1. Taking N as the number of residues in the stretch 6-142, what is its Cα Rg relative to 2.2 N^0.38 Å?
2. How much accessible surface area, in Å² rounded to 10, belongs to the heavy atoms of I110 with a 1.4 Å probe?
3. When the Kirkwood hydrodynamic radius is evaluated over all pairs of different C-alpha atoms of the chain, what value in angstrom, to one decimal, is obtained?
4. Give me the percent of the accessible area of the chain that comes from carbon and sulfur atoms, probe 1.4 Å, all protein chains in place.
5. Largest first, what is the accessible-area ranking of D196, D161 with a 1.4 Å probe?
6. Tell me, what is the Rg over Rh of the stretch 73-205, with Rh the Kirkwood radius over Cα pairs?
7. Could you work out how far apart the two model spin labels at L221 and N41 are, taking each label as a point 7 Å from the Cα in the direction of the beta carbon, and quote it in nm?
8. Calculate for the chain the 222 nm mean residue ellipticity that helices alone would give, adding -39,500 (n - 2.57) per DSSP H run of length 4 or more and normalising by residue count, nearest 500 deg cm²/dmol.
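The values are calculated or read from the model by the stated rules, or taken from the named source; none is laboratory data. Here the structure is a predicted model, which is why all the values come from computation and not from measurement. Positions of Cβ are backbone-derived with ideal geometry, glycine not excepted, and every protein chain shown enters the neighbour counts. Note: accessible area is taken over every heavy atom of the protein model, side chains too, but ligands, DNA and RNA are not part of it. Shrake-Rupley method; radii C 1.70, N 1.55, O 1.52, S 1.80 Å.
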Amino acid sequence: MNQNRSFFFSIESPKHRFHVVRERKICFSGYFFDGYGRKANQILIKWNDKQVIANRVDRGDVQRLYAQKGMVVEQAVGFESCIELSRGLKEVEVIAELSNGEKIKLKKFILYVWSKKYCLDPLYNNKHQLVGYYNIEKPLEKEVVSTQHYIEISGYVVDKDGYPPRVVQIKTPTRKYPCQQICRQGIQKDYPFVKDTRCGFAGYAFLEDIPKQYSIEVEFLSGQVAELATFFASLKVQEDRREKELYQKWFSCYGQLMGREEELLEGAS
């Protein structure tokens, strides 16, 4: 546990500030709250010119620990997030953003990523049978909030014999979005059993204001169907745009009366 000014936090993972890792996916977790027991507005994981917002996590254990010290702590003070890094030396910062916009740098990590360029995970169908191998590049989070009107999906997948799929699509409760087939040069160098480099996929799905479940589904040449990932995504409307939309809605209802006060009064007399 660290105390900085009137802030309390702990970075529980990764354990070490300087670290050599084989996996390209690195997970961060911990907790943060201020001297009044309030959680941060958001926790940011930042590297190069990229950043992600960590997921909130309820930490009843932290509440109980600090209750013994006479402090009342909010429940969702925990955070966790996994990011994917390219190979080489990387600097990653964990930053707490307060409700007033102030940003507190909690910790900087120096990570050397040593791994294969491509990383394939086993893929099972709903009968728990191995049907292929895959990797999801975007999105990396299970809960995505975007200021764009769409979410981008990408990755690569092969069946258990190394052949690319027939179809990869993004599914929602009401729509399906087919993905484009992408050639992934170099994957055969890491995985010689892959028969065809056209195993990559990329696509887009439209977002709505309310969170909606999205899933990535693959159908192989054999007819086998499997789900690669499921996540929730929603559109975050920026405040200035929301105010403009509210004004437009108001004007459509009442704006036509503005400037006609004298005419309306004359009609009434």
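1. It is 1.21.
2. For I110, solvent-accessible area is about 40 Å².
3. Here the Kirkwood hydrodynamic radius works out to 22.0 Å.
4. Within the chain, the accessible surface is 50 percent carbon and sulfur.
5. D161, D196
6. So for the stretch 73-205, dividing Rg by the Kirkwood Rh gives 1.04.
7. The two pseudo-label positions are separated by 5.3 nm.
8. Taking each H run of at least 4 residues, the total per residue is -4000 deg cm²/dmol.
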